[in-house]
Structure formats: structure tokens, C-alpha cells
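The values are calculated or read from the model by the stated rules, or taken from the named source; none is laboratory data. Quick caveat, the model's predicted, so the values are computed rather than measured. Here Cβ is always computed from backbone atoms with ideal geometry, including for glycine, and neighbour counts include all displayed protein chains. Accessible surface areas use protein heavy atoms only, side chains included; no ligands, DNA or RNA. Shrake-Rupley method; radii C 1.70, N 1.55, O 1.52, S 1.80 Å.
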Amino acid sequence: MNFSKARNMFLLRFLAPVLLFAALTFPTGATPAEDLVWTSDFRISGCGGAYFLAEPGELWVEVEKQDLNRRGRKTHVRAILFGPDRSVVADEYLPWMAMEKGSGDGPVQRLRFSVEVPRTGVYGLSITASEDRYGDDMVWGMRTNCPKYLVETSRGHKDERHQEPLVLQQGDAPGSVCFLPRSGSFTLDVTGVRGETLRLLDSTGAEIAPVPVDAEGTATLTVPAGDRENIPWQLHLSGANGTVNIDGVTRWERIDGGIKDISLWTPRAETWFPFHDNRWLLTPYKRRMNVVSGEDGTVEFEVYNSGRQPKSVMLTFVGPEAATFRLSESTLDMAPGERRKVTVQYEGVPATVQLQARTDDGFSTWSTLELVPDSALLEKALDLPLVLKPFRHENAQFAYAPQYPVTNEVYFDRHNQPLITARGGLHYPAEGQWVETAMGSLLDSKVAVDEDNDIYLLAQKDGASALYHAKDGTKDFTAYPVPGKGPFDTEQFSGHNVATGPPAFVRFTRTAVDPKLKWRRVHDLDLFVPEKTAAGTIVIGDPIRLSETCIGISSHSGIPSSVVSLGSKVHVTWGEATTPDENVPGVPTYVATYDRETKTVSNASLVGYGPPANDVHNTPSITMDSQGYLHVLVGTHGSTFLYAKSLQPNDASGGWSEPEPLGPGLRQTYVGFVCGPDDTLHVVFRLWHTDTTYFPASHYATLSYMQKKPGEAWSEPRALVVPPFSEYSVFYHRLTIDRTGRLFLSYDYWSTYWFYRTDRWETRRALMMSADGGATWKMATDADLTP
């Protein structure tokens, strides 16, 4: 799809009778007038957006953008206006004007959004840029008729401390940065500023201190701790051109508490409203529920006091069908930082209602609850790929709202009972509902099951590592201390392995980092092979050293398997760090076998190299088929995975096939790997693309799938999920398999953009499944997780 066609599709989609917006001042490809000038309240570099406390009536927002053309990037700036319930009002691009690198600033472009606000609530504006996730090669600004708004400077992520400097681009024009100061001591730094002195004013307008600017345009001031009202301070600049950093506003520490990582400010003090104290006041913003005629139901909303003072929150339903909904409580007196669930009871008929939340200090916003009479939505095979749109994920598209927890991936015991871990325990179904067995903080989301159907998890007990064990038919766990802190990786069922005793697990102990190579880590790798006594207790045993140069493990996505076993043989795979000056094609991947009977470890077999070298992302994964043959995928970071198979069953030292790429030119990362009942291998991964099918420019990632049937080549990659934004993405995906061969894929889309990612309080994790070996996929229902 070319950009012009994509833009026209956006225009058709959003020109709805009740949601109005103005088109671009200049259509794509047109030559702009030379006299179009800036009219916005501010001009900054960096992505992000704004929040508006909008009153009933018309809300309009004008967005302006200018390409800087310093780096030759195709900076198509995407502006999305959304409502309190995250319904998208408009989704438009201010296009890149195709000017050459170094040709100077491009023309100013403008678009205007307009919407009729039915009741007071917080609307939002999202600003992102293709090929420029930090917003370094463009300038944007806005103006609005809304008297109350805040700007959030919020770029794409970096693999370093989170900072969101305010890069002001107003030239010699004066300007202000109004911000909420933290109560602790903070330092304010400004670089590249024009003018002789900055002025810092407190909430009363009194000057804190003069902030002199040196010859290089740099100024610094440290403000001591003190009691501060919840009213913004103002930094005045005679020439608002430079970079501003403020502790607690653009860079954060643990002491910043509930407002950490959110960079809110405004160019004028009079536009300030108490968003810090009411962020995520009522969530979810919107919930769609499938209803069956005649069957009533319930759904939970959460009320959160993010402020530093107690408050009362009043909840009311709004809409013609409001009388059919009932609240468990309508007035909540809440302490600072308190979260409370409220239950909404509804009748089993189609209806839509808004749930309004008002605070005793005058703040107000609302969520939407929509009941749809189409339970078959979740039973249908997905029309793949599942294309996520901004604020339209699985619930919005399919009324996906399962009763089972979506905190982590799902595992299955020998009776095919589902088991799902949460931060502090294990969830499982009992007597028609999901219950939780609480334990310490989990060290690994995996659940292991042995041949006796005993259950095992790794968690912390009193700050120390422990293996938790529950006998078959119970969820009464006993903790057995494990030396060291980890991280750990536990053997879990991946298709054909059945642990004869307690699961083997590995511990990664970091011994070195390389300041010159970001992803180079060095670890001791130790194997633990616990044993079960005749009395049913567990003996952890001594660690077995496998390597002192292990690269480590990357398991937040893919959740690769380091360990697989059959009978007395335990097989472990890992990658190794190499010396920086060593010429190797990637991370060397090894496999070794430990024999429980002889208590010996085989020599490690090299099975392949995962490019690039010295990159901890390149974690391999191992599984086995019904005949005991071992299968390994060599992990990579943006390159094609390599596949190798053992020449002997249940033996890592009997030779391996030559490693072969899964496909030419595939930019894969994060292995999720299992083996089906028919010995088909299944792999899920992140895959990079550079086409313009879904976005006008830049790269984007999909959550994709491949399979290899016995004796056949690997299939072509198939996209399962497409993200709502281009640029960097990760899906935190975890692929598991049940005892009948059904595939379960848990995933949680993670956008690079802080503004989008932190706007939503609840998890985005979802679960899809395939009951036919990967041919078709659907959203997993509660019935799919019935034992």
C-alpha cells in the first residue's frame, strides 16, 4: 500500500458524521505557500502528545509540524486525537515533504481536528514520527481552544536511563516551561539557551533565584527540598531555544513515586490542570463484553487515587440505558495511592453506557462499557494477521475479556489443567472459577510438572531463591532453598519431554560486563538436577558448572527453553561470550548432556553461531521430538535463526546436522519453540519489515510464526500480529503447548513510544491459540482453558 492510498483510507475511515476534522492544509505532494507561519503555543522537538480537560461543546486542536531535514529521514508525523474512552476521533499524517538531507528546514504544515465533547473528560493527542522515534529531525507544536491542557514530552525508548529533555525550538521568541516540582531537592539544567538570565518562579509568582547563563548558553540551579503546593512553577526564558532538564520532570529517581517516567509540562501556567493527581482515575477506559440474552453478568473497573491527598470519587452512569446498570458502590473515599475495584452488574442485553468519575476537587472523566450480543466473535478463526490499531486491541475488536488471568503464559499439568503464574503466586481453575495460591515473588514465569503430576515453580522466600513444590492433586507448596540469585531457567513441557523427577534448572550468575559492548555479558552457568526422596521431599543438590563464559539469557520474549530431558538424560543449550577481538560469526551455541544415573556431563557440542557476536539477545532454545531427537534453534538479534538436529536420539554428543537458516534474509529475534504431537516444529518470533504495507515509511515489527514438518523445509513466515505503530516494537511473546498438542501464544504488545505505552494502566497481554497445528488461530476463550 503506498502512502497516498494509506492516507485516503484514513480520510474515509475518520470522516464520520459525529467526528469531524479538517484535512491537511496541503495535500500530499502539493507545494505549500511560502507565507505559512507558525501559530502554535510552543515549538519543540521530540515526540509525545498532550492531554486536554475538555468541557462540553466543540474541542478543536491545530497541530503544526516542520521537517528539519538534518538526517535525511522520512519524517511522516502521525497525529491521533482520542477521547476519554480512547475512541479515536481522528488519525492523520503530516507528511514528509521529500526534501534532501541538509536542504534546510521544510515548510510549516498544519492540520486541524474538531470534535463535539458530550461531557467533561480527558481527551488526548498522540504525536509520533516515522524513521524518527525520538523526534530529533522534526519540530511540532499545537494550539487549541481548550483552556486546560498539558504537554507530555515522550519519545521512543532507549536502552538506558529514561530521560525526556524538553528541546525548545522557538528561536529568539520568549517562552516558559511550567512544571510541577517535586518536594525533594531537584536540579534544573539548561543548555543551548539564548539570553543572559533565566527566571524561576514558584507557585505564587515569587522568584526563587536568578539563573545566570554562561557564555556557552548553559545554566544550572539546584533547589533544596521543601514543602510545595500542588501548583506549577514557571521557568521563563527570554529566548525559548535550548534543552531543559528538570529532576522529577524530565529525569526520575525512585523518590519520584507515582509520577515517575511521565514528563508533563505546559507553556502557560493558566492551562494547568491536576492531571498528576488523577492519572488513571478510572480504568479500563473502554470495555466491550459479549453478552448472552437473559444472562446477567459483571465487569470490574478500577478507581485509582494517584494524588498525594485523600479524595472522594463519585461514579455515575450516563446514557439512555443507564438504568440497566448497577454499581457495587458509587462513592469512594480513597487514601493517596489507593486502588479499588468496583463491580458493574449488567443485564444480558445489548447496551452502551458511559461511567462518569468525578472527584471532590472538580476533576471529571469517563469510560465506556459496551455490551455486544455476539459470543461467536471469539470462536471464529482470526483473519490473520491481527492488525492492532491505536487503542483498538483485542478487547475493542473482539470483546476479548476472559475470566482466566492474562498475567503470564499458560502451562498444563498431566491432566491438562491450565496453570498460570502471577507476580506472587499460581492461578488455576477450581469449582468453576480461577483461584490463586500465594507464594513469594516469582523468579521465573514457567511452571514445571513431573511424571507424578507434581508442580514446581521458582520464587523468592524471605528474599532468598527457592524451588516451590506441590504434590499431585494439591496446591500446597513447600519451599526448598536454592543458592544464588539467578536469573534461572526451568525445564518446562515443550511437546515430548516428561521429567522423571523434579525439573532440572539452570542458574546464570553474572561475573562481568563490557562497558564498550552494550550486550556483552559474562556468566557462570550452573545446572541443578534436584531429586525426590521416598518421602516425597526434594533435595536440590549441588550446582554443576557447565560454563564460565556463558553470554546469559534473554527470556522476556520468546521465553526460550534452555533445558529438556528424557529418562535419565538432561540436555542444556546456551550461548557463550567471546573475547571482543575474536573474529567469530556470532554467539557460539553449545549443547551438553547430563546423565542422572552416572552423574556425569558430556563434552559441550558446538551447533552453530548466532549473529551478532557478544549479544545476550541471541539465546538459543531446545526441544525434542517423539523419537527423542534434539532440535535447537540458534538465537539471533535481527538475523535469520539457525536450525540444527541431533544425529542421535537423546544425546547431545553424538553429532549434529549442519546448521541451516530458517529462511533467507529474515530479521528474527526472540525464539519461542515447541514440538507438536506429529513432530512438527513450531516457532514464534519478532520479525522486522521495511515495506509500506501498513505504514508510510520506516521499519516495523510483526509477531510471526513458522513451522517445519518432519522431512520438509521450514515454511514461509506468517505474520500473526501487526502493531499499531511503526518503529521499534516488542511483543513479550511466550509459546506453549498443551498435552493434546494445542498451541497457546501469550503476547503483550509493547510500543517504543512512552506516551502510548504509559497511557494505559492495565496489561495489554492476550492469549491466542491454535488447535490445528498452527493452520488457524483464534483468541483463547475460557472454554478453551477448561480442563
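In the stretch 149-178, what residues are of a type outside the set (G, A, S), open to solvent by 10 Å² or more (accessible area, probe 1.4 Å), in a strand (DSSP E or B) and more than 26 Å from W96 (Cα to Cα)?
Hit for the stretch 149-178 is Q163, nothing else.
What are the residue pairs meeting all of these: first residue in the stretch 97-110, first residue β-branched (V, I, T), second residue surrounded by 14 or more Cβ atoms within 10 Å (Cβ to Cβ) and at pLDDT below 95, Cβ atoms under 7 Å, and 6 or more apart or on different chains?
If the second residue must be surrounded by 14 or more Cβ atoms within 10 Å (Cβ to Cβ) and at pLDDT below 95, the pairs left are V108/L36; V108/W38.
Only one of these conditions is not met by T511: (1) in a loop (DSSP other than H, G, I, E, B); (2) open to solvent by 60 Å² or more (accessible area, probe 1.4 Å). Which number is it?
So the condition that T511 fails would be (1).
Just to confirm my filter: which strands (runs of 3 or more DSSP E) fall fully inside the stretch 599-682 and include at least 1 residues that are small (G, A, S)? Can you show your working first?
On the way: elements: 605-610, 621-624, 630-634, 637-639, 642-645, 668-675.
Output list reads 605-610, 621-624, 637-639, 642-645, 668-675.
Confirm whether I551 is aliphatic (A, V, I, L, M), open to solvent by less than 20 Å² (accessible area, probe 1.4 Å) and on the phi < 0 side of the Ramachandran plot.
Values: aliphatic (A, V, I, L, M): yes; open to solvent by less than 20 Å² (accessible area, probe 1.4 Å): yes; on the phi < 0 side of the Ramachandran plot: yes.
The answer is yes for I551.
Inside the stretch 137-148, can you point out the residues that are more than 21 Å from Q66 (Cβ to Cβ) and open to solvent by less than 30 Å² (accessible area, probe 1.4 Å)? If you could, list the steps in order and put the result at the bottom.
As a first pass, look at the stretch 137-148 and keep what is more than 21 Å from Q66 (Cβ to Cβ): 145-148.
Passing the criteria: only C146.
Do any residues in the stretch 366-385 that are of a type in the set (S, T, N, Q) have Cβ atoms under 6 Å from those of residues that are open to solvent by less than 50 Å² (accessible area, probe 1.4 Å), where the two are at least six apart or on different chains, and which pairs are they?
Correct list of pairs: S367/D85; S367/L282; S367/Y285; S367/L355; T368/D85; T368/Q354; S375/N290.
Do the conditions hold for K286, that is, is it modelled with pLDDT under 95 and open to solvent by 40 Å² or more (accessible area, probe 1.4 Å)?
It is false that K286 is modelled with pLDDT under 95 and open to solvent by 40 Å² or more (accessible area, probe 1.4 Å).
Does the stretch 308-317 include one or more residues that are polar (S, T, N, Q), open to solvent by less than 60 Å² (accessible area, probe 1.4 Å) and under 29 Å from the mean Cα position of the chain (by Cα)? Let's see the steps before the verdict.
Initial filter on the stretch 308-317 (polar (S, T, N, Q)): 309, 312, 316.
Next cut, open to solvent by less than 60 Å² (accessible area, probe 1.4 Å) only: 312, 316.
Now restrict to residues that are under 29 Å from the mean Cα position of the chain (by Cα): none.
No.
Considering only the stretch 216-258, state which residues are open to solvent by 60 Å² or more (accessible area, probe 1.4 Å) and closer than 16 Å to E196 by Cα.
Pass one, the stretch 216-258, residues open to solvent by 60 Å² or more (accessible area, probe 1.4 Å): 216, 220, 222, 224-225, 227, 229-231, 238, 253-255.
Within the stretch 216-258, E216, T220, S238 qualify.
Mind listing whichever residues of the stretch 397-428 are out of contact with any helix residue (DSSP H, G or I) (no Cβ under 7 Å at 6 or more places or on another chain) and over 20 Å from H733 (Cβ atoms)?
Residues satisfying the conditions are Q403, D413, R414, H415, N416, Q417, G424, G425, L426, Y428.
Among the residues of the stretch 693-722, which ones are among the small types (G, A, S), open to solvent by less than 50 Å² (accessible area, probe 1.4 Å) and in a loop (DSSP other than H, G, I, E, B)?
In the first step, residues of the stretch 693-722 are kept if they are among the small types (G, A, S); the result is 697-698, 701, 704, 711, 713, 715, 719.
Those still in the list that are open to solvent by less than 50 Å² (accessible area, probe 1.4 Å) too: 697-698, 701, 704, 715, 719.
Those that are among the small types (G, A, S), open to solvent by less than 50 Å² (accessible area, probe 1.4 Å) and in a loop (DSSP other than H, G, I, E, B): A697, S698, S715.
Is there any pair with a first residue in the stretch 735-761 that is farther than 16 Å from A701 by Cβ and touching a residue at least 12 places away in the same chain (Cβ under 8 Å) and a second that is open to solvent by less than 10 Å² (accessible area, probe 1.4 Å) and of a type in the set (D, E, K, R) whose Cβ atoms are under 8 Å apart and which are 6 or more apart or on different chains, and what are they?
L735/E409; T736/E409; F744/E409; F744/D738; S746/E409; W754/E164; F755/E152
Contact list please: Cβ distance under 7 Å, first residue in the stretch 495-518 and at positive phi, second residue part of a strand (DSSP E or B), pairs at least six apart or on different chains.
G495/T623; G495/V674; G495/C675; G495/I737
How many residues are charged (D, E, K, R) and assigned to a strand (DSSP E or B) if we restrict to the stretch 236-259? Full working, then the answer.
As a first pass, look at the stretch 236-259 and keep what is charged (D, E, K, R): 247, 251, 253-254, 256.
Filter again for assigned to a strand (DSSP E or B), leaving 247, 251.
Residues flagged as charged (D, E, K, R) and assigned to a strand (DSSP E or B) within the stretch 236-259 amount to 2.
Could you list, in sequence order, the residues of the stretch 182-202 that are in a loop (DSSP other than H, G, I, E, B) and closer than 11 Å to L235 by Cα? Give the derivation first.
Within the stretch 182-202, the first condition is being in a loop (DSSP other than H, G, I, E, B), and the residues that meet it are 182-185, 192-193, 195-196, 202.
D202 - this is the single residue of the stretch 182-202 that is in a loop (DSSP other than H, G, I, E, B) and closer than 11 Å to L235 by Cα.
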